[in-house]
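Trainee: First, the structure itself, so that you have it in front of you.
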Amino acid sequence: MAHDPGAPLRVALLGCGVVGSSVARMLVEQADDLAARCGVPLELVGIAVRRPGRPRPDVPVDPSLFTADAEELVTRADVVIEVIGGIDPARGLILRAMEHGASVVSANKALVAEDGPTLFEAAAKHGVDVYYEAAVAGAIPILRPVQESLAGDRVHRVMGIVNGTTNFVLDKMDGTGAGFAETVAEAQALGYAEADPTADVEGFDAAAKAAILASMAFHTRVSAADVYREGITEVTAADIRAAQDNDCVVKLLAICERVTSDGSDAVSVRVHPAMVPLGHPLASVREAFNAVFVESAAAGELMFYGRGAGGDPTASAVLGDVVAVARHRVAGGRGPGESAYADLPIVDLGQAVTRYHISLDVADRPGVLAQVATAFAEHGVSIETVRQQAGPDGDGRAKLIVVTHRATDSALAATVEALAALDAVEGVASVMRVEGA
């Protein structure tokens, strides 16, 4: 949809929280540069908020631009920026904007992961763009490189730290020896975690981002419901110490893989805590930073690193998308739409293959190790190393630490069930995957 030469592009902003405030400020402060990059000026025509009359001294715009009527606002814009989050009313407002000819830039990972196809189909129908770089990993440019720079390559795997809150918590647990609850409280005090951190610590946020990454990397529609999800609430200080003993750190990883199922390509997508060897690039990602590691056939290994959240970093990604869609409006073209031609099947967690670290509480007597080794062998799980730690003198107990070679998750689950049934095993203390080795 071509734009009238020289006329400003009308921009509507939905939401003025942490990210929205940064977007509005940067639109004003960088107006001249943005106009030069887009080819025409960007005119902010309104900001939809719940309480228009509330003072917002950190947003340097005319107060009359604030409105509670988002439905009306999106009908008079050329570009709509959506940073309110959630499913509704965001979905309805985006669809209404497209019906009225507006291109859309969104930071809404939940909506794209749950109902992306609806947005893509509407954009194609109305001849507009929908961009969402800011939905995954904040300021880090990852979606466009995967979608465009690697369009001529074959991506095998995308593995990353895509949630800053959980990375901060796990990093602090590793560095201080503190427990999960007290570290989450510290994250909340510093503003890294919400008052209700469930979406982060239970892996929902990371799962939505994993679905988006997998969809783009493998040209297959993947929703958040297709992602195996396991959060960090069960990670203990003992798990952190065990990782340290194995020259590893614990990270919450989003892992998207091209796998083989029944002789054909398929997709596996999962989010869970895992031990990462210190030599792997992701092991060095500290505090609230994010990083995404991409493995492809021709380009090889690539890593994208930076701030994964926050007002200014996320606004940087939003405005990068705004410039892209604005250029398309001025020139009369469109950006790439959805690519789902491969339509690969999505396999469940049982077919995922990795290594495992298992901690067992066992009786300290002859023959126990042989029973444990037999349980592994019977289920086709090969043992790489075994280490025994004796319990306190005279209590007749010991701890066995087993690290396996690569095996399917289903084989490992069956092994753990068999181990728990052994008389010599008093309990399976922990099971953690080992990735990146």
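Trainee: Below 26 Å, Cα to Cα, which lysines can Lys251 reach? Residues fewer than 8 away in the same chain don't count.
Mentor: Lys109, Lys172, Lys209, Lys399
Trainee: Would you mind calculating the relative contact order of the chain from Cα pairs under 8 angstrom and at least 6 residues apart, reporting the percent as a whole number?
Mentor: 17
Trainee: Hey, another quick one. With runs of 4+ DSSP H residues as the only contributors, calculate the mean residue ellipticity of the chain at 222 nm using -39,500 (n - 2.57) per run, divided by the residue total and rounded to the nearest 500.
Mentor: Estimated from H runs of four or more residues: -10500 deg cm²/dmol.
Trainee: Another question, if that's okay. Under 25 °C and 0.890 mPa s, how fast does the range 271-422 diffuse according to Stokes-Einstein, given a Kirkwood radius computed over C-alpha pairs? Answer in µm²/s, whole number.
Mentor: 120
Trainee: Taking only the alpha-carbon positions of the range 143-307 and ignoring solvent, what does the Debye formula give for the base-10 log of I(q)/I(0) at q = 0.15 Å⁻¹?
Mentor: Values returned for q = 0.15 Å⁻¹ are -0.80.
Trainee: For the range 6-74 and the range 158-188, compute the distance between their C-alpha centroids and round to whole Å.
Mentor: Using only Cα atoms, the two centres lie 34 Å from each other.
Trainee: To two decimal places, what compactness ratio does the range 352-434 give when its Cα radius of gyration is scaled by 2.2 N^0.38 Å?
Mentor: 1.03
Trainee: Right, next: Based on C-alpha coordinates, I'd like the Rg and Dmax of the chain, in Å.
Mentor: Expressed in Å, the Cα Rg and Dmax of the chain come to 24.5, 86.
Trainee: Work out the charge dipole of the range 246-362 with +1 on the Cβ of Lys and Arg and -1 on the Cβ of Asp and Glu about the Cα centre, then indicate which of Ala291, Gly320, Cys256 is farthest towards its positive end.
Mentor: Gly320
Trainee: Please give the peptides 87-96, 28-37, 105-114 ranked by average Cβ packing (other Cβ atoms within 10 Å per residue), highest first, as a rough proxy for protection.
Mentor: The most tightly packed comes first, giving 105-114, 87-96, 28-37.
Read the figures in this text as sums done on the coordinates, not as results from a lab. It should be emphasised that the depicted structure is a prediction, and the values quoted were computed from it without experimental measurement. Quick reminder, even Gly has a Cβ in these numbers, built from the backbone with ideal geometry, and neighbours come from all protein chains shown.
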